[in-house]
Ligand code: ADP
């Protein structure tokens with residue numbers, strides 16, 4: 001690795017137990033699991049392995065705080081104030097949070113500090129401002145009646161999040177839930193529980209009452225499934241793989257819970273020959289390699305118009321080859337390790353498949369170093385639609401470049417996937433850009449940019465990339481029920 005290890009101070013881990021009803025407790029079973037530093041493959045610490053009894057206790061606390069507790073009695077404006085305070089406390093510890101996230105997840109500290117954390121703060125503050133602006137409407141109905149609707153919190157929200165943006169996923173889930181007056185039982189990903197636990201501590205310090213936020217670390221089929229099946233939970237918000245969402249949908253059917261899903265993708269990123277190719281190459285590079293390629297919206301199918309192909313490939317190849325890999329805790333590092341061995345092995349197997357199926361590897365193609373789960377930024381050219389690397393979500397630093405010439409053919413190919421999370425187009429032709437935005441079946445479309453996120457802009461998928469939207473007003477509504485009240489005026 002590029003940086004002298006001795007100059008880097010490892011962040012302190014302060015919380016490793018379940019956070020239930022405002023108290024830290026070991027798992028009822030006494031079991032723990034290891035969380036690993038993916039840059040060194042060493043154990044960071046042991047974390048409580050929550051399971052059904054811990055979920056039961058957490059749901060009981062969340063139910064109590066919702067049904068009769070202080071949260072349901074608090075004025076919305078005061079709820080908002082506590083959320084602003086939580087954001088302020090996080091901001092005071094922003095460097096510590098960036099380091100802890102980097103340690104547990106492997107993402108470069110600079111990216112955590114300048115990318116993830118500002119979005120975390122924005123999201124919490126955006127929804128804090130919404131807390132006292134949630135209202136229904138009055139509706140003229142036939143007869144002598146007064147009819148109005150109320151927007152009420154959906155109740156106890158079970159929130160299950162992945163490991164790729166651990167803190168940001170907490171903010172996306174807690175923000176709308178707290179603003180609307182819901183209470184929370186969260187299960188963080190088993191790979192990255194540490195920042196979520198620390199955030200729970202700060203929520204308590206901010207004055208959010210006990211029982212409003214509960215965090216149970218543990219595994220999906222045990223703690224996660226218990227949360228999904230629990231009759232005391234009103235809604236599940238899940239981010240992760242579509243296969244897990246299918247299990248969750250089945251498990252939640254017994255209690256008919258409200259479900260929102262943000263799932264995977266195989267997003268088309270289209271480069272027209274008239275585009276500014278420097279910008280398009282830089283955008284495609286970030287759109288794929290950001291966060292070690294571990295983004296659900298990664299632009300993993302790059303369609304380049306034939307006339308621009310040679311020049312574009314050359315530019316992207318050079319960028320990929322220049323990317324600085326190394327210790328994620330070093331401020332110079334641009335790419336850290338993949339999150340764990342399972343992901344590393346999966347990505348390496350796709351690189352093998354890409355080679356075996358006849359794509360041409362023009363950059364990377366191997367692991368980086370011999371310790372930690374590092375994968376070289378890899379670019380495959382000459383990819384065709386039927387290859388595995390063009391069809392499956394790899395969730396790693398592997399770009400597939402495909403070519404096209406005909407516009408209608410491109411649109412059909414861009415849409416020829418069961419995913420529909422994001423899409424992008426690079427062009428100077430504004431009509432083409434809008435036509436693409438209209439005809440591509442995806443929840444987010446970027447024109448001459450990529451990975452532009454904002455708390456106010458809804459995010460989510462068409463088709464098997466999701467259900468419902470997060471962020472913005474739509475994300476908030478997903479945590480509310482609408483109630484119609486009719487009063488006789490006779
Ligand atoms: P990834 O490949 O990103 O780990 P998963 O969908 O497997 O995606 O995991 C996302 C989250 O879902 C994690 O917190 C994981 O523990 C949880 N999870 C996995 N399986 C289940 C399940 N059967 N029920 C509920 N949650 C689950």
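The values are calculated or read from the model by the stated rules, or taken from the named source; none is laboratory data. Worth saying up front: this structure is predicted, and the values here are computed from it rather than measured. Because the Cβ atoms are built from the backbone with ideal geometry, glycine has one as well, and the counts that use them run over all protein chains shown.
The number of residues in the stretch 320-345 being in a helix (DSSP H, G or I), within 23 Å of the chain's Cα centre (by Cα) and crowded, with 16+ Cβ neighbours inside 10 Å comes to 2. Checking each residue in the stretch 133-159 for being over 18 Å from residue 173 (Cα atoms) and not in a strand (DSSP E or B) picks out 133, 135, 136, 137, 140, 141, 142, 143, 144.
Candidates are the residues of the stretch 264-292 that are touching a strand residue (DSSP E or B) at 6+ places or on another chain (Cβ under 8 Å) and in a loop (DSSP other than H, G, I, E, B); the one that is surrounded by the most Cβ atoms within 10 Å (Cβ to Cβ) is 267. Among residues that are without any contact (Cβ under 8 Å) to a residue 24 or more places away in the chain and either within 16 Å of the ligand (Cβ to nearest atom) or in contact with a strand residue (DSSP E or B) (Cβ under 9 Å, 6 or more places away or on another chain) (or both), residue 180 is not included. Test residue 316 against the criterion of being part of a helix (DSSP H, G or I), crowded, with 21+ Cβ neighbours inside 10 Å, within 16 Å of the ligand (Cβ to nearest atom) and under 26 Å from the mean Cα position of the chain (by Cα), and give yes or no. For residue 316, the condition - part of a helix (DSSP H, G or I), crowded, with 21+ Cβ neighbours inside 10 Å, within 16 Å of the ligand (Cβ to nearest atom) and under 26 Å from the mean Cα position of the chain (by Cα) - is not met.
Restricting attention to the stretch 57-103, the residues that are over 21 Å from the mean Cα position of the chain (by Cα) and within 15 Å of residue 179 (Cβ to Cβ) add up to 14.
One line per residue, one yes/no per condition, for (1) under 24 Å from residue 311 (Cα atoms); (2) away from the ligand (no atom under 16 Å from the Cβ); (3) surrounded by fewer than 17 Cβ atoms within 10 Å (Cβ to Cβ):
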residue	(1), (2), (3)
349	no, no, yes
367	no, yes, no
371	no, yes, yes
389	yes, yes, no
403	yes, yes, no
414	yes, yes, no
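Okay, residues lined up against (1) at pLDDT below 95; (2) closer than 26 Å to residue 342 by Cβ; (3) surrounded by fewer than 24 Cβ atoms within 10 Å (Cβ to Cβ); (4) within 16 Å of the ligand (Cβ to nearest atom):
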| residue | (1), (2), (3), (4) |
| --- | --- |
| 119 | no, no, yes, no |
| 124 | no, no, no, no |
| 140 | no, no, yes, no |
| 159 | no, yes, no, yes |
| 170 | no, yes, no, yes |
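Evaluating residue 221 against the criteria (1) surrounded by fewer than 24 Cβ atoms within 10 Å (Cβ to Cβ); (2) touching a helix residue (DSSP H, G or I) at 6+ places or on another chain (Cβ under 6 Å) leaves one unmet condition, (2). The strands (runs of 3 or more DSSP E) located wholly in the stretch 3-60 that include 1 or more residues which are crowded, with 19+ Cβ neighbours inside 10 Å and either touching a residue at least 60 places away in the same chain (Cβ under 8 Å) or in contact with a strand residue (DSSP E or B) (Cβ under 6 Å, 6 or more places away or on another chain) (or both) occupy 18-20, 32-37, 42-48. Among the conditions (1) surrounded by fewer than 20 Cβ atoms within 10 Å (Cβ to Cβ); (2) in contact with a strand residue (DSSP E or B) (Cβ under 6 Å, 6 or more places away or on another chain); (3) in contact (Cβ under 8 Å) with a residue 40 or more places away in the chain, residue 70 misses just one, which is (2).
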